[in-house]
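Trainee: Sharing a structure, written as structure tokens. Questions coming.
The values are calculated or read from the model by the stated rules, or taken from the named source; none is laboratory data. In this text, all values refer to a predicted model and were calculated from it rather than measured experimentally. Note that we place each Cβ from the backbone using ideal geometry, even for glycine, and neighbour counts take in every protein chain shown.
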Amino acid sequence: MSEKNTMLDNSTKKRAKLLCVDDQPDILEMYKFALEELGPYECILAHNGYEALEILTKRADIDLILTDIEMPILRGDQLINELEQKNISLKTIVISDSYLKKGLHEKENVFAILDKPLTSDILLNTIKEALN
């Protein structure tokens, strides 16, 4: 399929809404650019777990969460625990190089734990699997 056809195909599909949570603005911008360009995704950005919780209380249309672990205010592992306590059942992909990710694979909402750095192919395939 040509690049033009891929772009047309992506624009006609339902755009899954991904909540991307990371304290590094350059990482968030990379997610936004890559995921919106390469897949039928719309990225909503949060700079920490607290911002992510605020977004989730205001929006019911989020399909999937991508989160880092080590962030100020509310870490990714704490965000996952808060979601569990509030009975918010959203699949979550953890993307981190932190030792704090240990034990998260046992959490019901955690679909996958990916190590940084990762390729866009791995990320896109994992997102696709999580949404199916």
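Trainee: Against the conditions (1) at positive phi; (2) touching a helix residue (DSSP H, G or I) at 6+ places or on another chain (Cβ under 9 Å), where does Leu53 fall short? Just the number, please.
Mentor: Result: Leu53 passes all but (1).
Trainee: Determine whether the stretch 69-82 contains at least one residue that is closer than 19 Å to Leu28 by Cα, hydrophobic (A, V, I, L, M, F, W, C) and within 11 Å of the chain's Cα centre (by Cα).
Mentor: Among the residues of the stretch 69-82, not one is closer than 19 Å to Leu28 by Cα, hydrophobic (A, V, I, L, M, F, W, C) and within 11 Å of the chain's Cα centre (by Cα), which makes the answer no.
Trainee: Same structure, new question: In the stretch 18-132, which helices (runs of 4 or more DSSP H) lie fully inside it and hold 1 or more residues that are among the small types (Gly, Ala, Ser) and modelled with pLDDT under 95?
Mentor: The helices (runs of 4 or more DSSP H) meeting that bar are 25-38, 76-85, 120-131.
Trainee: Mind counting the residues in the stretch 81-132 that are over 18 Å from Leu56 (Cβ atoms), among the charged types (D, E, K, R) and in contact with a Lys or Arg (Cβ under 8 Å, 6 or more places away or on another chain)?
Mentor: Residues that pass the stated criteria total 1.
Trainee: Where the second residue is outside any strand (DSSP E or B) and of a type in the set (Lys, Arg) and the first is surrounded by 18 or more Cβ atoms within 10 Å (Cβ to Cβ) and lies in the stretch 14-29, which pairs have Cβ atoms under 8 Å and are six or more apart or on separate chains?
Mentor: That search, which allows pairs on different chains as well, returns Cys20/Lys32.
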